[in-house]
Amino acid sequence: MNVLNGERTIPRLPWKGALAKVFTPLWLPLLTLILIAVITRSINVLYFPPLTEVIGNLFSTWLGSKLFSDVIPSLIRMAAGLAIAIVIGIGLGLVMGMGARFRRMTSPIIEFIRGLPAPTLLPFAMVLFGIGDSMKIFLIALVCVFPILLNTIDAVLSMNPTLRMTCSAYSIGKFDRVIRVMLPGAMPQIFAGIRTAFALALIMVVFSEMLSSTDGIGHLILIAQRNYDMATMWGGIMLLGILGYVLSILFALTEKYVLSWHRRSKESRLANV
Amino acid sequence: MTKLAELDPEVGQRRLAVAERRNVLGSWWRKGSADGFIGVLIALCVWELATQTGLLPSQYLPPVTTIAVELYEILTDPSLWVAIGWTLWGWALGLVIATLVAVPLGIFVGLSVFSYASLKPIIETLRSIPSVAWIPVIVLISGVNLNSVVYLAIYAAFWPLFIQAIYGVQDVNPVARSTANVFKLGRVSTFWHVILPSTTPYIATGIRIASTISLLVVVATSMVIGAPGLGMLISLAQSGGALPKMYALLFVMGVLALGLNYVILMVERKLLHWHSSQHTRKGISP
């Protein structure tokens, strides 16, 4: 069954027990951290400050004095850009998924813009919006819209034909059909698109702040490097790692919550079989 | 188990790769290929008219014809070709070295349950850091030159390849594995005849993702640190106010990106023609 479903089979660990379960994922990160701490303390090279200093900086600078002036603005830009991308991506995706002619006419243009490496869109965004917040939000939205858009189109196209026919048989109106059938049906795939968009948004916010900004995480990291303030630079990179990790966990939880009906319906379908 | 797998973040990513493989837009040139041309033509005409009549401010968007003239000029300029060469060099070197390192490592980690369970937290944390965040670090360590660009490209291209290789190994059909075991196929033969063939499609997808990421990072680094390449040219054109040139360069960049994508797909098709995933695909991505 696993094989037929294309499910990944992660083999079990050769031993059992709660202790092994807790210990296995932890020993290597802990060992690495301790090694880094010991090495950075003993080598005394400018570029690699002691780990304790970096962690101290993470709390005192990134989560302290710079939290509201740099970290929060970056997060707001990301959230705004993503929100716009989600709305446009889903809306346009539904329209393009349903209108075959419209889809065929626009797809070469969309393919072309999507193919451009995202950073090259920054100069274009700067031409349109200058170097302020609106430029960054526009850039993030523009880059993040594509994975969401393409996934929505794909989901609409691969909608269950039985569902489609049921809709026509019960003469369900176009509006209801989109809102109650197509959109929920497309949700699992839309979420997969948003997940990709998340990673892209983090890249683009840091990149745009490095190239043209007076605040933000990316800006602060670059400035720290230029001032040879290594603790702040490493602290920022550490912050980004933690941020990316936490955001992806939050996203997974949201997905689990929003798509719980999907999981349940699948369960019942399997039970019926 | 299936429903949990649907929600597993890693499987979600793999599903995305499948969605990408199916390529939603890929068939535009086959069915009603005229529509695509008409769409592009309409867009270009509207663009030209709107900029000529002043409906769209031409300081933001020059007319298409101006950009076309500029495009012809830069195409005859050797400096563009040098920049393209540097960009391609960074992209290719990053991709090739990352593949050579990531695939064997990924296969090794995927085969060993213990090493996967131990490494997972580190992998997740490291790949959460956006690759551009390393630009300042790499500049400190290796300076403003093409090496920095290549190092970053390797680093960024490493992750999708590594993770795809791990998934590929873990996705080997357990029946096939047990069969190999029952027939007492040795470790080496099992690897060559069972594990490697079913892992290659995953690696192929990984190469496709890594190719995009490698190009992204090469261009981004070139823009931030001013290393030679297309990214820097585009940045310079914009900051110098040479808008037609910037748009012409964006066009060149887009064509280059699509071309690279096409080459990767073609190579994948040639190498994986025996695999079923190649027969279910609807169209070729342009």
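Consider B:VAL149 carefully, then state whether it is in contact (Cβ under 8 Å) with a residue 40 or more places away in the chain and either surrounded by 15 or more Cβ atoms within 10 Å (Cβ to Cβ) or assigned to a helix (DSSP H, G or I) (or both). For B:VAL149, the condition - in contact (Cβ under 8 Å) with a residue 40 or more places away in the chain and either surrounded by 15 or more Cβ atoms within 10 Å (Cβ to Cβ) or assigned to a helix (DSSP H, G or I) (or both) - is met.
When each of B:VAL101, B:VAL137 is tested for being within 30 Å of A:MET233 (Cα to Cα), modelled with pLDDT of 95 or more and either surrounded by fewer than 21 Cβ atoms within 10 Å (Cβ to Cβ) or more than 8 Å from chain A (Cβ to nearest Cβ) (or both), the lone residue that passes is B:VAL101. Within the range A:199-251, the set of residues being touching a residue at least 60 places away in the same chain (Cβ under 8 Å) and among the acidic types (Asp, Glu) comprises A:GLU209, A:ASP215. Being of a type outside the set (S, T, N, Q), in a helix (DSSP H, G or I) and touching a Pro at 6+ places or on another chain (Cβ under 7 Å) holds for only one residue in A:ARG77, A:ARG41, and it is A:ARG41.
Is one or more of the residues making up the range B:168-179 part of a loop (DSSP other than H, G, I, E, B) and either of a type in the set (Gly, Ala, Ser) or surrounded by fewer than 19 Cβ atoms within 10 Å (Cβ to Cβ) (or both)? Yes, there is a match, as at least one residue in the range B:168-179 is part of a loop (DSSP other than H, G, I, E, B) and either of a type in the set (Gly, Ala, Ser) or surrounded by fewer than 19 Cβ atoms within 10 Å (Cβ to Cβ) (or both).
Taken together, B:VAL101, B:VAL46 contain a single residue that is farther than 29 Å from A:THR106 by Cα, part of a helix (DSSP H, G or I) and out of contact with any Leu (no Cβ under 8 Å at 6 or more places or on another chain), which is B:VAL101. Annotation for the range A:203-210: no member residue is part of a helix (DSSP H, G or I) and surrounded by fewer than 24 Cβ atoms within 10 Å (Cβ to Cβ). Here the range A:253-273 is the region considered, the condition is being of a type in the set (S, T, N, Q) and closer than 23 Å to A:ARG195 by Cβ, and the residue that is modelled with the lowest pLDDT is A:SER265. Kindly check whether there is at least one residue in the range A:2-14 that is at pLDDT below 80 and not in a loop (DSSP other than H, G, I, E, B). Within the range A:2-14, not a single residue is at pLDDT below 80 and not in a loop (DSSP other than H, G, I, E, B). For the range B:179-202, state whether one or more residues are among the charged types (D, E, K, R) and within 13 Å of chain A (Cβ to nearest Cβ). No, every residue in the range B:179-202 fails to be among the charged types (D, E, K, R) and within 13 Å of chain A (Cβ to nearest Cβ).
The values are calculated or read from the model by the stated rules, or taken from the named source; none is laboratory data. All figures in this text were calculated on a predicted structure; none of them were measured in a lab. No Cβ is skipped: glycine too gets one built from the backbone with ideal geometry, and neighbour counts run over all protein chains shown.
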